[in-house]
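Asker: Just passing along the structure, written as structure tokens.
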Amino acid sequence: MRVFIRDNETGEEAEYEDRRMDWNFDDGIGEFMFLEANWSCDCHRHVFHTGIYEDFPCGETRYTITKVIDTNGDIIDNPEKTSKKK
Ligand SMILES: [Zn+2]
């Protein structure tokens, strides 16, 4: 699936491709990982956004997921607002 992540400080949007899981597969494991579990944190999203593995402060305001294109082609706009979770 492809995850689009915006840096709210610069406005820059970057695409991250995740080949490990689907957003909605098996009751939304990807959704869970990106919105609730580890990858909801700015420190992880920073790595996805920049492609650089480096320390980054934890938080929930710096990066926003603006869109997801799931492996099956489903498009999920603004998942952080429309998700039933979180
Ligand atoms: Zn963190």
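Asker: What FRET efficiency would be calculated for the residue pair THR10, ASN72, taking the C-beta separation as r and a Förster radius of 35 Å, to the nearest 0.05?
Answerer: Plugging the Cβ-Cβ distance into 1/(1 + (r/R0)^6) gives 0.65.
Asker: Which ³J(HN,Hα) values in Hz, rounded to whole numbers, follow from the phi angles of the range 22-35 under the Karplus curve 6.51 cos²θ - 1.76 cosθ + 1.60, where θ = phi - 60° and Gly and Pro get x?
Answerer: Using θ = phi - 60°, the values come out as 9, 5, 9, 5, 6, 6, x, 5, x, 4, 4, 5, 8, 10 Hz.
Asker: Check which residues have an amide H placed less than 5 Å from ASP22's amide H, if you skip close sequence neighbours.
Answerer: GLY30
Asker: Please turn the phi angles of the range 47-56 into ³J(HN,Hα) values with the Karplus equation 6.51 cos²θ - 1.76 cosθ + 1.60 (θ = phi - 60°), one per residue in order, whole Hz, x for glycine and proline.
Answerer: Working through the residues one at a time gives 5, 5, 5, 9, x, 10, 8, 8, 5, 8 Hz.
Asker: With only Lys, Arg, Asp and Glu charged, each at its Cβ (+1 for the first two, -1 for the last two), find how big the charge dipole of the chain is about the Cα centre; round to the nearest 20 debye.
Answerer: Values: 11 positive and 20 negative charges, 35 e Å.
Taking the Cα centre of the chain as origin, the dipole is about 180 debye.
Asker: Turning to a different aspect of this structure: Most fluctuating residue of ASP70, ASP22, ASP55 in a GNM of the chain with Cα springs under 10 Å: which is it?
Answerer: ASP55
A short reminder: the numbers here are calculations on the coordinates, not readings from a lab. Just so it is clear, the structure is predicted and the values come from calculations on it, not from any experiment. All Cβ positions, even for glycine, are placed from backbone atoms using ideal geometry, and neighbour counts span all protein chains on display.
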